[in-house]
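> Got a structure here, written out as structure tokens. Questions coming.
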Amino acid sequence: PLAADRLRERGFNQAQELAATLARAWRLPWHAELLLRARGGAHQARSSHAARLRNVRGAFQAPQRLDGATLLLVDDVMTSGASLGACAKVLLKAGAARVECCVLARTL
């Protein structure tokens with residue numbers, strides 16, 4: 001999930017747009033509300049891997065139980081994997097049986 005200040009800056013959530021498009025194309029249910037941002041964080045664009053891991057710790061929450069769910073987590077760009085990893089951990093802790101990740105681009 002995108003931090004509120006970043007959403008205001010951009011005017012849209014690119015990962016959410018990507019997820020909605022994939023859900024329509026693949027005829028899958030889409031539930032943006034299953035994962036929320038608990039707090040904002042520093043911009044990660046120029047952060048080290050260690051800083052990215054610290055920055056996302058406790059940043060996400062699942063507001064409901066997801067017992068046995070299989071989920072596809074969608075992101076636009078993956079650099080270190082810190083955000084995706086933190087999100088997947090939260091979803092698994094909420095009871096998801098499986099969390100797969102799909103990204104549009106991967107930095108080198």
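> Taking the options T79, T21, name whichever one is free of Cβ contacts under 8 Å to residues at least 24 places away in the same chain and among the hydroxyl-bearing types (S, T, Y).
Of T79, T21, the one residue that is free of Cβ contacts under 8 Å to residues at least 24 places away in the same chain and among the hydroxyl-bearing types (S, T, Y) is T21.
> I've got another one for you. When only residues in the stretch 58-91 that are among the acidic types (D, E) and within 20 Å of L18 (Cβ to Cβ) count, which is surrounded by the most Cβ atoms within 10 Å (Cβ to Cβ)?
D75
> Also: Taking the stretch 1-15 as the search range and keeping residues that are over 14 Å from V77 (Cβ atoms) and surrounded by 12 or more Cβ atoms within 10 Å (Cβ to Cβ), which one is farthest from the chain's Cα centre (by Cα)?
If we filter the stretch 1-15 for residues that are over 14 Å from V77 (Cβ atoms), which is where we start, we get 1, 3-5, 7-9, 11-12.
Subset that is surrounded by 12 or more Cβ atoms within 10 Å (Cβ to Cβ): 1, 3, 7.
Details: P1: 5, A3: 11, L7: 14 Å.
It comes out as L7.
> Failed condition for A97, given (1) at pLDDT below 90; (2) of a type in the set (G, A, S); (3) exposed (fewer than 15 other Cβ atoms within 10 Å of the Cβ), with all others met?
Looking at each condition in turn, A97 falls short on (1).
The values are calculated or read from the model by the stated rules, or taken from the named source; none is laboratory data. Just so it is clear, the structure is predicted and the values come from calculations on it, not from any experiment. Neighbour counts are summed over all protein chains in view; Cβ atoms, including those assigned to glycine, are modelled from backbone coordinates with ideal geometry.
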